[in-house]
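Visitor: Let me give you the structure first, and then I'll get to my questions.
The values are calculated or read from the model by the stated rules, or taken from the named source; none is laboratory data. Keep in mind it's a predicted model, so treat the numbers as computed, not measured. Ideal geometry is used to build each Cβ from the backbone, glycine not excepted, and the neighbour counts take in all protein chains shown. These accessible areas exclude ligands, DNA and RNA; they are computed on the full protein's heavy atoms, side chains included. Shrake-Rupley method; radii C 1.70, N 1.55, O 1.52, S 1.80 Å.
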Amino acid sequence: MTTFVDRVELHVAAGNGGHGCASVHREKFKPLGGPDGGNGGRGGDVILVVDQSVTTLLDYHHSPHRKATNGKPGEGGNRSGKDGQDLVLPVPDGTVVLDKRGNVLADLVGEGTTFVAADGGRGGLGNAALASARRKAPGFALLGEPGRGGDIVLELKTVADVALVGYPSAGKSSLISVLSAAKPKIADYPFTTLVPNLGVVTAGSTVYTIADVPGLIPGASQGRGLGLEFLRHVERCSVLVHVLDTATLESERDPVTDLDVIEAELAQYGGLGDRPRVVVLNKVDIPDGKDLAEMIRPDLEARGYRVFEVSAVAHLGLKELSFALAEIIATARAEKPKEEATRIVIRPRAVDDAGFTVILEEDGIYRVRGDKPERWVRQTDFSNDEAVGYLADRLNRLGVEAELMKAGARAGDGVAIGDEDDAVVFDWEPTMMAGAEMLGRRGEDHRLEEPRPAAQRRRDRDAERDESQREYEEFKPF
């Protein structure tokens, strides 16, 4: 059974915003009490958060589809809908978020680091919020905006100070087991280690982490063996430790050649040329291993490597190696630039930036792109003529009609608002008239300008009574 997963494809979907409510207050003796429709709730976001207690992406491997809750619709009586609950997904420290094309969206390092993978949709406004002096009783409300979603890729890059690299069965797992409290699987056959192992080492006052990367072979940077899957785990390490087997049973191999092969694979993978290297000659407790280590050590030191002869089984040379690594780590940490607080940069919109663009496409369609027009279209109920008229007013105030005229659009030309996959297409008229316009200005309810029926009936009865009284006064006998 798979227990360690360091790369998954995650399908995330934020919650949809709740629809606004179109409602009129109803109460005895108040036939037209005014609009009281509440706003819809906001959809929940999908948020990735670094959690130190999480060490693998296994949960997302088994359940790759994640969705936040939707916002509730608004209700009458000025009751707004409840916001959707954010979906918080814990990820390991060192997780990289990429899109489907491989572009890096976020690099999550450090406890509590967050990234919003999908934004929840805005809730639609109810007719109470849309009411104004001109539009006293709107007979429509705005729809909730759909939540964003899509596919993202999560890659885990181990955050460790030291990486042990080398051929399979070179003794890396044995070495990390005696340097730290880690308990990796140890056996006498190649590719015993199938997942990276982490351990914590204390050397004097320095505490550092060490990672055992699965064995590399020629062609690892192109995907052979397990190299391509786990080479990413050495990217964040400050020191690379080459573990060489001085007592290998394979006659065609020797430690120096193994070192050259691994260095060639690291060079092809890229990005690791500036990391300090340390060479560990392992298994010197075996007589042949000791002799070979003494033979090749001068050659390795001549290349500029710091060389340590150790035996993980006999616990030889481990203290010197541990303190030497601690010294290198302390120097690297001291030279590391201090992280500055994130600066908030405010970029005001240019004076001549209308917030949208109008482009004439080859098929003769004028396409309008912009955050506001596209959001307004998504929130419009096109089955309601008054809502369509309201959208036309907003687009006109934004300047869309003026830009269409500048672009050469004429009455009857096709106009599309949005991208090709999800656009609203219509035949453009310079002054759009919805059905509500035949009654007067858009969005107005002329019922509020007429006398109330009950009051009118009382006035009519009073007028009839007064008229009868006058007739009686004129013709009554003396």
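Table: residues versus (1) open to solvent by 20 Å² or more (accessible area, probe 1.4 Å); (2) at pLDDT 80 or above.
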{"residue": "224", "(1), (2)": "yes, no"}
{"residue": "250", "(1), (2)": "yes, no"}
{"residue": "279", "(1), (2)": "no, yes"}
{"residue": "286", "(1), (2)": "yes, yes"}
{"residue": "305", "(1), (2)": "yes, yes"}
{"residue": "312", "(1), (2)": "no, yes"}
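Visitor: Collect the residues in segment 129-177 that are more than 37 Å from the chain's Cα centre (by Cα), among the aliphatic types (A, V, I, L, M) and open to solvent by 10 Å² or more (accessible area, probe 1.4 Å), keeping them in residue-number order.
Guide: 133, 137, listed by residue number.
Visitor: Given the conditions (1) under 29 Å from residue 72 (Cβ atoms); (2) outside any helix (DSSP H, G or I); (3) not aromatic (Phe, Trp, Tyr), which single one is not true for residue 128?
Guide: Condition not satisfied by residue 128: (2).
Visitor: Hey, another quick one. Among (1) open to solvent by 20 Å² or more (accessible area, probe 1.4 Å); (2) under 30 Å from residue 63 (Cβ atoms); (3) at pLDDT 75 or above, there is one condition residue 206 misses while meeting the rest; what is its number?
Guide: Residue 206 satisfies every listed condition except (2).
Visitor: Quick one: in segment 376-400, which of the residues that are over 33 Å from the mean Cα position of the chain (by Cα) and of a type in the set (Ser, Thr, Tyr) is least open to solvent (accessible area, probe 1.4 Å)?
Guide: Ranking the candidates gives 390 first.
Visitor: If a residue has to be in contact (Cβ under 8 Å) with a residue 24 or more places away in the chain and surrounded by 13 or more Cβ atoms within 10 Å (Cβ to Cβ) to count, how many in segment 288-298 make the cut? First the steps, then the outcome.
Guide: Quick first cut of segment 288-298, residues in contact (Cβ under 8 Å) with a residue 24 or more places away in the chain only: 288-290, 292-293, 296.
Those left that are additionally surrounded by 13 or more Cβ atoms within 10 Å (Cβ to Cβ): 289-290, 292-293, 296.
The total comes to 5.
Okay, residues lined up against (1) free of Cβ contacts under 8 Å to residues at least 12 places away in the same chain; (2) touching an Asp or Glu at 6+ places or on another chain (Cβ under 7 Å); (3) among the aliphatic types (A, V, I, L, M):
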{"site": "144", "(1), (2), (3)": "no, no, no"}
{"site": "153", "(1), (2), (3)": "no, yes, yes"}
{"site": "158", "(1), (2), (3)": "no, no, no"}
{"site": "161", "(1), (2), (3)": "no, no, no"}
{"site": "174", "(1), (2), (3)": "no, no, no"}
{"site": "178", "(1), (2), (3)": "no, no, yes"}
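Visitor: Taking segment 101-124 on its own, how many of its residues are under 11 Å from residue 14 (Cβ atoms), of a type in the set (A, V, I, L, M) and either open to solvent by 40 Å² or more (accessible area, probe 1.4 Å) or assigned to a loop (DSSP other than H, G, I, E, B) (or both)?
Guide: 1
Visitor: Any residue at all in segment 151-170 that's of a type in the set (S, T, N, Q), at positive phi and in contact with a strand residue (DSSP E or B) (Cβ under 8 Å, 6 or more places away or on another chain)? Show your work before the answer.
Guide: We begin by selecting, within segment 151-170, every residue of a type in the set (S, T, N, Q); these are 158, 169.
Okay, now just the ones that are also at positive phi, so 169.
Within this subset, residues satisfying the condition of being in contact with a strand residue (DSSP E or B) (Cβ under 8 Å, 6 or more places away or on another chain) are 169.
There is at least one residue in segment 151-170 that is of a type in the set (S, T, N, Q), at positive phi and in contact with a strand residue (DSSP E or B) (Cβ under 8 Å, 6 or more places away or on another chain).
Visitor: OK, next. Scan segment 26-51 for residues that are touching a residue at least 24 places away in the same chain (Cβ under 8 Å), on the phi < 0 side of the Ramachandran plot, open to solvent by 10 Å² or more (accessible area, probe 1.4 Å) and in a loop (DSSP other than H, G, I, E, B) and report the count.
Guide: So the first thing to find is which residues in segment 26-51 are touching a residue at least 24 places away in the same chain (Cβ under 8 Å), and the list is 29, 31-32, 34-51.
After this cut, where a residue has to be on the phi < 0 side of the Ramachandran plot as well, the list is 31-32, 35-51.
Keeping just the survivors that are open to solvent by 10 Å² or more (accessible area, probe 1.4 Å) gives 31-32, 35-36, 39-40, 42, 45, 47, 49, 51.
Now restrict to residues that are in a loop (DSSP other than H, G, I, E, B): 31-32, 36, 39-40, 42, 45, 51.
Residues flagged as touching a residue at least 24 places away in the same chain (Cβ under 8 Å), on the phi < 0 side of the Ramachandran plot, open to solvent by 10 Å² or more (accessible area, probe 1.4 Å) and in a loop (DSSP other than H, G, I, E, B) within segment 26-51 amount to 8.
Visitor: May I pose another question? Working only within segment 302-332, note down all residues that are charged (D, E, K, R) and in contact with a Ser or Thr (Cβ under 9 Å, 6 or more places away or on another chain).
Guide: Scanning segment 302-332 gives 309, 327.
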